[in-house]
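Read the figures in this text as sums done on the coordinates, not as results from a lab. Predicted, not measured: the structure shown is a model, and the values here were computed from it. Every residue, glycine among them, receives a Cβ derived from its backbone with ideal geometry; neighbour counts consider all protein chains shown.
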Amino acid sequence: MTGRSDRHIEPTPSAVLTPTPLASGTKSIEEAKLPALPPKPEEMSWRDYLIMLLHIAAELEHGLMVEYLYAAYSLGGAGAAEHSGMVTEWRDVILTVAREEMGHLVTVQNLLLLIGGPVSFERQDFPWSSPFYPFDFKLEPLSLESLACYVYAEMPKDLTRPVDLKTQHDVNELVTGDKPTVGEIYDRIIRLVGDRKLIPDSTFDPESYRYQATWDEWGRGYRPGAHKPYAKSVDTPAPYERKTRVIVTQMATRTEALAALRDVAGQGEAEHVRATDKMEDSHFDRFAKIFRSYKRIRSKDAKWSPSRPVPENPFAGEARYAPDGATAITSKASMAWASLFNIRYRMLLSMLTYMYRIPRDAPESSHLRRAGMLGRIFGEMYNLKAVAGILVRLPLGDRKDPARAGPPFQMPYTLSPPLPEANFWRMHLDLLGATATIVDMLLDPARDNLADAPADGRRYLLALRDADADARSWIEEILVGMDASRRTRA
Amino acid sequence: MTIRELRILPPFAIGRLGSADRPLDNFSITSEQNQPLGYRRIVPGETLHVDEATGEINGRSVPASIEFKTAEGRIRPVAPFIELWARIDDAADFVPLTTDLLAKHGAKPSDVVWNVTVANRKVERRTGHAGDRVDATTGTFSDHAPRTLDGHSPHFLSRTHTIDFGSVRYIKPNAAHPEIRLRFMPAKGLIYGPKLTEQEIEEMREADPSVTNLFVVPEKQAVYDKTKGWWKFSIPPEVRNADPYFTTFYNETQPPALFAIIPPGPCWLNDNVAVSRGYLDDACDGTVEVSLTPKGGKTLKAVGRIVAAPPALVPDSLFVRTLADDLDQVIFGPAISPDEPDEVTRARAEDIVRRAFETVRFLNVAVMNGNPVNGRDPLDIDTMPAEEAFDVYRPMRPIFAPHSADTLAIMALHQRVYSAMRAGAAPWFPSLLRKPQEVADFTDGGRRKMPALMCGADGNYLALTHRQIRTMYKAAGRPLDIPDSDITLEPDVDPSRLIPRNASAAHPARRAAEMHFVAQGNPVSSRPVTSIGNCTPGLEVDFRAVWRRVFEGIVLREYDNLVMEVEHTKYKHLVGHRLLKVEYDRPSVRGAPERKSFVTMTTQIGPNPYDTATQSVVLSFQASPNGIAPMEWSNMLAFMLHDRAGETVTCFFSADDEQLGMTGWDETEQHIEMELQVRQFFEGDTGVISRTLAQPGELTQGLCSPWQNDYRECSCYYWASARPDFINVEAAPSGRSVGDNWLQKERTGEYVPDDYADSRLVLYDDLFNEWEKWLRFAIEGKDAAGEAGE
C-alpha cells in the first residue's frame, strides 16, 4: 500500500512553473553537504510542503516505533530460554530504541506546532510502504532477516570501522533495499528549515512553545544523569545508566528547530549529522550488535529463533477483510484481547493528539486536564505493554496449534478529535465502555474465555476494570465541569 | 524429652496507645481480589478476651467489624500478646509452650518467670542528663495479676510521681487456652510535664496570644521537677542556623528540637528559638525477659522487645518502605538470592509498587511537589522541596513540572504500572529508582527518582532499601518466560513460605518467620510491616538508633557518624571525630577476598544553572563549604553487616574533631585508622534485635517529645500512609484532585495548606489537649465513620 503523500515526493514540474531556486548564504557546513532539494510540488507552498514532510517523518517514526515494539514483544519461547540473559538484553535494547523513536515522534510534533502545522499521529495499517523506507513496514517477530532490515535502514552512509563494514556486508547478503532510508527525509527537512528564503522567519511561531511537549512531561528520566560537579569537560562520559537518551525538544526558533532535527536524525537514521561521537550508541550500533550476536548463534544452530511463533501483521477482524500480508487472529478469545489492545491504542493516540491543544500554562481548569491526560497517556502505554504480553502467549487460532497471536496495532478509523472538548471525553467514555464489555466477557466464568490465558490474564483484567472505573469517574466529573454531564448520561 | 530452647514470639511487638478500656480487636488486611487497586480490606480476626479479674482468656470471638475509636471518642489501644515457644529435644521447629508441655517437663506455669523493662529516654536524649531517663521495670513475677509499668526518673518530683507506661500481664493458662503468653497493654497517650505555677503558665500563654487553648499539664501528670533542666531547656538558635561562628557544641537531634516548645512554634519559622515546655509522653520501648527452669534442667531464657507507639491511623494501607523492609534487609542481606524463584521476586516487586500507590494517594502531590497553593509562596508550606531549599540555602524549585503534578493522575499512573506488572510485564523502571547513594542528588534528574517527594532517615530524599531495589532489578532481568503464577503478597503471609528452602537459606528464613510471626489474637498493626521505616525520626521507633553501637567500642550519634561516646578508654581519642570510611575484605566466589569500602558521607549536588540537565554543582554554603551530608545507616551498613558481622573492619575517622564542622572522605587528608569489630544485629539465632545495640528506651529516644507534637510538625512527606496529608480525595470538575488536609478541622473538600498559625488546622495545643479527637482514622481514603471532624 502506498501513501497519499507519495505523489508529492518526486514531483515533475509543469511547463509553466520552474523549480523555486534555493536560497544561498544561509547554509551551515552540515547543510551544505546535504543533497539538493527536489522541486517543490506545485500544489503546495514551501511551508505546506515542509508540513507534509514532517507528517511523513512522523508516520515513519510511528511505524518504526511500533515495528520495534512488536519485535521486542515477540521475544520468548524455547529459543529465548536457551540464551535467556542475552535475549532479555536484546528486548531491553529494542524497547529502548522504540522509546527513543517515541521521542522523535514527539519532537517532530513540536516542530509541526512551531511552523503552524497540525500534529499527526496517523499512519497506515501494516503492511505498508513508504518512499523513504527501503522495505515494507510490517509487524513481524524478530528474526535475522528482520534485524538485517533494521540495521540496513539505520545504517550511516559512510562506514569506516571494519566491524561495521563486515556487518554491512552480512546485512547486504540478506536484504537489499531499493529506496532511501529514513535519514533522507530528515535531510530534506533540515535543508528546508535551514533556508530562510523558502521558510521565512515569520513561519516560526514562538507562541506554540506553550503547547509543545516538554522533556519534563515526557522524559521520565530516560536520559543520562547530570555530570558530577567539577567534571573537567562536558565531553566526559555522562552516567549512562539507562543506556538511552530520549530526545524531547521544545523549540521557539529556526536555530533550535535545526538543532533538534539534527539530534533526532543523528540518533538513529542519519548518522552523518550526529553532533558528537560521545553520545549514546546510535540505533545502527545497537541493532548491529544484536545482529552480530544473532548471526553467531545461527551459525551454530540454523533453526534457532529467539521469538515466539507470533504472526506477521496480526489482524483483529473478520479474516476476509484482512489485507494482503496480514494474518487474521481467529481464536475468539484472542480476538477479544486483540480488540482490547486496539481500543487502548486508540485511547493512547487520541489523547496524544488532543494533548497538544491544551497549553501548559492555561488556567487551572484546563492545564490540569493536561496533567491527567499525560498520566493516562503513559498509563495506556503500560496497558499496551500488558495486553501485548498476554497476546503473545495466546493461540492465534486453534488452541492446539503452536502459533500465537500478537498485538495488532491497528489504527482507528480516525484520530481527528471530536469537538468541542466534551465530545472528546464522551468518546473516551465510549472506549471505556467498549473495554468494559470485553473485560466482562473475558472474565465471565460461564464463557470460559480465559481457558487459554495465563493466570496473569485474569489478574490484569481485574486491575484494568478497577482502574477504568476510576478513569470513568474522572471523566464524568470533567463533563460535569463542562456542564455536559446531562447529555452524557442521556 | 527436654526443652532445649525458649523463644518469645513475636520478638518485636508493637503496642499502640489509646485511652479506651478495651483493646483493639484482632484484624488483618487483605487485598480485594476483584478490586486489586482498591484499599485493602480490613478483616476482623479471632479476638481473645481476657478476664479482667482472673487474667485468663475466657472467650474468643470474631467481631463483625473493627471499632478503632469508641463512640466516646477514645482510641482503642493495641495490646499485643507475646507467646512463649519451646524447642524440644532435637526438633528443628519450635512449638507453643503449654501447660501440658510444662507438666511433661516437671514444671508448672508458675515456674515461668517474667521480667519486663521499658524506658522513655527522649528527654535524656535532648538534655544529655542521665537523670532524665524514665525507667520502669516489673521485677520478676510469675503470677497473673496486671503489672504496672510505672516509669520513674530521678528528676521527678518524688518517688511516687511516675509516668504510667501501661502494664503487662502473664495470661493465666487454662484448659481452653493452655499456651503460655504475656500481654502488653500500652498507656493511654497522656502528656506529662513540670508542675508550674499559675504565673508560669500565664507567661506561656502570653508568649503567643493566638494560642487560646494552651495545654496545661493536669495535676496528676505534673510529675517533673521544673528545676531539673527540661522545663525551658533550649539550644541556642545559632546551632539550628548553622552559624559558622558559633563555637559551642550541642548534641542536637535531627531534625532539630523535636519537642513541644513554648509558643510560638515551630521554631524554624520563629527565628529558630525552641524553648521546651518540659513535656514527656508515655510512649516507651523495652524488653520482655522470661526464664524457666525445667525440673532437673538448666535455666532457659528468652527475650523479646516491645514498643508503645501512636495508633496506626490508616489501618488499610502500607507504607512503601516499612520497618519490615529494613529488618528483612538485615535478615536476608541487601542482595536477592539468585535461587529465589522468579515468581516470588515478581510478587515482592508487585508488592512494592502496590505500596507505592498506597503511599502516593495520601499525598497532595501538587502541594508536595512545591507548587504554589492559591497563589501562596510554596516555601511557606511544609514540603520536601521546601525542606531541601532550607537545607541547602537555595531558592525552592518544584520537583516535577508543576502542571503535571496531581494526586489522582499520579496515582492512576502508579496503578497502571501495577496492573501491567500483574499482567506479567517485567518492571521496566528500576533505573528510575533512587539509589541509596543518590539521596542528596538535588538535580532535577536526581529529585525525580522514585520514591519522589518524600524524606528519608538522613533528611535527604527517600530511597528504598537495597533489597527492595534489587528485588526490582531481579524482577526486571528475569527470563522472558516464567512459570505462570498467581501470588499476591499479603501482610499475613508467612514470609518463610516465599523463601527458598535450601540449607543456606534456612537460617534467615526462620529468623524472618519469627520476626513476622502472627501471634494469636494480635492485630496486624502490632507488627513491623505496619511500622514506617527509614524516617527522620520515625513513628513507632527511631530505627536510626539501632546502629549507634554497631561498631564495638564506640557509640555514634544516630544521624551523622559522629563518635559521641566510647565503650573503652582505648577509643577515647575518637570522641568528637567522625567515621568517614569503612574498608573490609569480602569473601569472593572467585577465591581471593575482594576489598570493599564505603564512605559514610555524601555530597549534596544540584543543577548547574549553565545547563541544568547535564551539569551539576556542589550545594555548598557558608556553614557547609563542601556540601557534605551524612547518609542513613540502614542502607549504608547493609553490605558490611551481611559480610562482616562478628568480624573486624577498618574504620577511618576524621583526624580533626568535627563536632562543629563536617567533612567528607578525602584520601589526600590524614585520618585515624582503627580496626573495629562489627556487632551482630540479632541475638544468637533469634529475631531479637540485640540488647547491646539498643537498650530499653533507645529505640524511641530520637522520637518527638511528646509524640503528638510530631503529627503537627512532621508533614506527610515523611510517612504519607501513616500520617496522611490528603484524604477524601476526588476529582473536581476541572480534573484536579480535591480533598481535605487530614489535619484540617472542618471537612470542606477545600484543601487547607499547612500553616502553623491557621486556626482551620489542628494546631499543637489541639493535639496536646485532644489528640484522640483530632487524629482521625482514615478508611478507604476517607474519614472513618464518626470521624468527620467539627
Taking B:HIS507, B:HIS105 and counting other C-beta atoms within 10 Å, the order from fewest to most: B:HIS507, B:HIS105
- request: With the convex hull built on the Cα atoms of chain B, state its orientation-averaged projected area in nm².
  value: 34.6
- request: Return the Cα extents of the range B:65-218 along principal axes one, two and three, sorted largest first, each rounded to a whole Å.
  value: 68, 42, 28
message: Over chain A, what is the relative contact order in percent, taking alpha-carbon pairs closer than 8 angstrom and at least six residues apart?
response: 16
- request: Report, as a whole number in µm² per second, the diffusion coefficient that Stokes-Einstein gives for the range B:85-169 at 20 °C and 1.002 mPa s using the Kirkwood radius over alpha carbon pairs.
  value: 138
task: Treating each Cα of the range B:552-705 as an identical point scatterer and ignoring solvent, apply the Debye formula and state log10 I(q)/I(0) at q = 0.17, 0.20, 0.21 Å⁻¹.
output: -1.12, -1.37, -1.44
query: Which whole-percent values make up P(r) of the range B:738-790 when all C-alpha to C-alpha distances are grouped in 10 Å steps starting at zero?
result: 26, 57, 16
- request: Lys and Arg at +1, Asp and Glu at -1: add these up for the other residues within a Cβ distance under 12 Å of A:PRO395 and post the number.
  value: +3
message: If every alpha-carbon in the range B:347-408 counts as one equal scatterer, what log10 I(q)/I(0) does Debye give at q = 0.13, 0.18, 0.22 1/Å?
response: -0.41, -0.67, -0.86
- line: From DSSP H assignment alone, runs of 4+ in chain B each adding -39500 (n - 2.57), the sum over residues rounded to the nearest 500 puts [θ] at 222 nm at -5000 deg cm²/dmol
field: Proximal aspartates and glutamates to B:LYS449, defined as alpha-carbon separation beneath 16 angstrom and excluding residues fewer than eight positions away on the same chain
entry: A:ASP216, A:GLU217, A:GLU241, B:GLU388, B:GLU438, B:ASP441
field: chain B: relative contact order in percent, alpha carbon pairs under 8 Å with at least 6 residues between
entry: 16
- prompt: Short version: ³J(HN,Hα) in whole Hz for each residue of the range A:400-413, in order, from phi by Karplus 6.51 cos²θ - 1.76 cosθ + 1.60 (θ = phi - 60°), x for Gly and Pro, what are they?
  reply: 7, 6, x, 4, 9, 7, x, x, x, 6, 7, 6, x, 5
- line: Of the listed links B:LYS188/B:LYS435; B:LYS301/B:LYS572; A:LYS138/A:LYS332; A:LYS228/B:LYS596, those spanning more than 28 angstrom between alpha carbons are B:LYS188/B:LYS435; B:LYS301/B:LYS572
query: Tell me, what is the FRET efficiency for A:THR255 and A:ASP6 to the nearest 0.05, using R0 = 45 angstrom and their Cβ-Cβ distance as r?
result: 0.90
- prompt: In the neighborhood of A:ARG298, defined by Cβ-to-Cβ distances under 14 Å, what is the net charge if each Lys or Arg adds +1 and each Asp or Glu adds -1?
  reply: 0
Inter-probe distance in nm under a simple model that places probes 7 Å from Cα toward Cβ, at B:VAL113 and B:PHE390: 5.1
Net charge over other residues, Cβ less than 9 angstrom from the Cβ of A:GLU59 (K, R count +1; D, E count -1): -1
- prompt: Among the lysines, which have Cα under 17 Å from the Cα of B:LYS226 when same-chain residues fewer than 8 positions away are ignored?
  reply: B:LYS122, B:LYS195
- request: Run the quick spin-label model on B:GLU730 and B:LYS301: label points 7 Å from Cα toward the beta carbon, then report their separation in nm to one decimal.
  value: 6.0
- prompt: When the convex hull of the C-alpha atoms of the protein assembly as shown is computed, what volume per residue in Å³ does it have?
  reply: 205
task: Starting from the alpha-carbon convex hull of chain A, give the projected area averaged over all orientations, in nm².
output: 26.9
- request: Quote to one decimal, in nm, the extra length available between B:ALA53 and B:ARG586 on full extension: 0.36 nm per residue of separation minus the C-alpha distance between them.
  value: 186.1 nm
- prompt: When N counts the residues of the range A:292-351, how does its alpha-carbon radius of gyration compare numerically with 2.2 N^0.38 Å, as a ratio?
  reply: 1.57
query: Taking the Cβ-Cβ separation of A:GLU43 and A:ASP158 as r and a Förster radius of 41 Å, what is the calculated FRET efficiency to the nearest 0.05?
result: 0.70
- request: Determine, for A:HIS55, B:HIS642, B:HIS573, the number of other Cβ atoms within 10 Å of each Cβ, and report the residues in order from fewest to most.
  value: B:HIS573, B:HIS642, A:HIS55
- prompt: If you wrap a convex hull around the C-alpha atoms of the range B:632-790 and split its volume per residue, what is the figure in Å³?
  reply: 231
message: How large is the direction-averaged shadow of the alpha-carbon convex hull of the range B:616-666, in nm²?
response: 5.3
message: Neighbour counts of other C-beta atoms within 10 Å: give me B:MET421, B:MET564 arranged from fewest to most.
response: B:MET564, B:MET421
message: For A:LYS166, give me every one of the lysines with a C-alpha distance below 20 angstrom, ignoring sequence neighbours fewer than eight places off in its own chain.
response: A:LYS157, A:LYS289, A:LYS295, A:LYS300
- prompt: What FRET efficiency would be calculated for the residue pair A:SER416, B:ARG691, taking the C-beta separation as r and a Förster radius of 60 Å, to the nearest 0.05?
  reply: 0.25
